[in-house]
Structures are given as structure tokens and as C-alpha cells.
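The values are calculated or read from the model by the stated rules, or taken from the named source; none is laboratory data. The structure presented is a predicted model; accordingly, all values stated were derived computationally and were not measured. Here the Cβ positions follow ideal geometry from the backbone for every residue, glycine too, while neighbour counts run over all protein chains shown. Heads up: the accessible areas ignore ligands, DNA and RNA and are worked out on the full protein's heavy atoms, side chains in. Shrake-Rupley method; radii C 1.70, N 1.55, O 1.52, S 1.80 Å.
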Amino acid sequence: VQLQASGGGLVQAGGSLTLSCAASRRTFTNNGMGWFRQAPGKEREFVAAIAWNGGYINYGDSVKGRFTVSRDNAKNTLYLQMSNLKPEDTAVYSCAAARGSVGSADPTYYRYWGLGTQVTVSS
């Protein structure tokens, strides 16, 4: 397994969670990374992406201003800080390693996908 997301759980609306994605050095150091989520019965949704050096970041419209993506290349770890969570944020969150050095909202741009972590936000 090259990518593993963790940190999910049950939280009340308005609360916060931080997700982590541990990656093997081969799949992380020079690659853009992304977070996606999928709720039951819905299509996969782009959440956030970050370039290999953190120099370019973009977010899905539904999470802008509430979520923050970051990475620690020394630890081969990707993070997603989520605040002011809403029930509609409930989903399985997955991390992915891009084919290139920047991230993208296009899931086909990603080469490796990790197992997701469940985030449930209660109202």
C-alpha cells in the first residue's frame, strides 16, 4: 500500500478534523497530491490539491475558506485541515498522488489512490 488516509471520524456540525495521508517516498516527494471525497449515491468530488512543493494550491468550491491542504515532504505526509464542518461534508475522503508535480481537480490526473477514511458530520 502506497497511500493511506487516516484521521476520519464522527464530529458535530461546526467542528473540526484533520486528515492525514501517509505516502511512500516514491509516490510523494516530487508529485502533486490531491484529496477527493465521495458520499453515498454521489459522484466523486474534488476537495483540494497541492503541488509537490506546496507552491500551488486549489480547492473545490464547496470547501473554500473552510479546508486547508498542506504537506510535509520530510514526513511524506499530506494533510487536510477541515473546519466549520457541515453535514454535507459527510463522505469517504481519499488521497491521491498525481502523475506530475502539480495537483489537479481532474481525478484522471492521478496515478495512485489510497484507501479512504470516513468522515461523518452530525447536525
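Is it the case, given these coordinates, that Thr108 is open to solvent by 20 Å² or more (accessible area, probe 1.4 Å) and either within 18 Å of Ala49 (Cβ to Cβ) or assigned to a loop (DSSP other than H, G, I, E, B) (or both)? Yes; evaluated as a whole, the condition is true for this residue.
Scanning the stretch 22-61 for residues that are open to solvent by less than 20 Å² (accessible area, probe 1.4 Å) and modelled with pLDDT under 95 yields a total of 3. Against the condition hydrophobic (A, V, I, L, M, F, W, C), assigned to a strand (DSSP E or B) and either surrounded by fewer than 17 Cβ atoms within 10 Å (Cβ to Cβ) or in contact with a Ser or Thr (Cβ under 9 Å, 6 or more places away or on another chain) (or both), how does Leu85 come out, does it pass? When the stated conditions are applied, Leu85 does not pass them. In contact with a strand residue (DSSP E or B) (Cβ under 9 Å, 6 or more places away or on another chain) and either in a helix (DSSP H, G or I) or farther than 23 Å from Val121 by Cα (or both) - does that describe any residue in the stretch 32-47? Yes, the stretch 32-47 contains at least one residue that is in contact with a strand residue (DSSP E or B) (Cβ under 9 Å, 6 or more places away or on another chain) and either in a helix (DSSP H, G or I) or farther than 23 Å from Val121 by Cα (or both).
Checked against (1) among the aliphatic types (A, V, I, L, M); (2) over 14 Å from the mean Cα position of the chain (by Cα); (3) open to solvent by less than 60 Å² (accessible area, probe 1.4 Å), Ala74 meets all criteria but (3). Can you tell me which residue is nearest to Gly116 (Cα to Cα) among those in the stretch 40-67 that are in contact with a helix residue (DSSP H, G or I) (Cβ under 8 Å, 6 or more places away or on another chain) and not aromatic (Phe, Trp, Tyr)? Only one residue tops the list, namely Arg44.
Does Gly103 meet the test of being part of a loop (DSSP other than H, G, I, E, B) and modelled with pLDDT of 95 or more? Give the steps one after another, and end with the answer.
Numbers: part of a loop (DSSP other than H, G, I, E, B): yes; modelled with pLDDT of 95 or more: no.
No.
Restricted to the stretch 1-21, and to residues that are open to solvent by less than 50 Å² (accessible area, probe 1.4 Å) and assigned to a strand (DSSP E or B), which residue is farthest from Tyr93 (Cα to Cα)? Filtering first and then ranking leaves Val11.
Look at the stretch 38-60: where a residue is under 14 Å from Glu88 (Cβ atoms) and a partner is surrounded by 14 or more Cβ atoms within 10 Å (Cβ to Cβ) and among the hydroxyl-bearing types (Ser, Thr, Tyr), sitting 6+ places away or on another chain with Cβ atoms under 9 Å, you get Gln38/Tyr93; Gln38/Ser94; Ala39/Thr90; Pro40/Thr90; Glu45/Ser62; Val47/Tyr59; Val47/Ser62; Val47/Tyr93.
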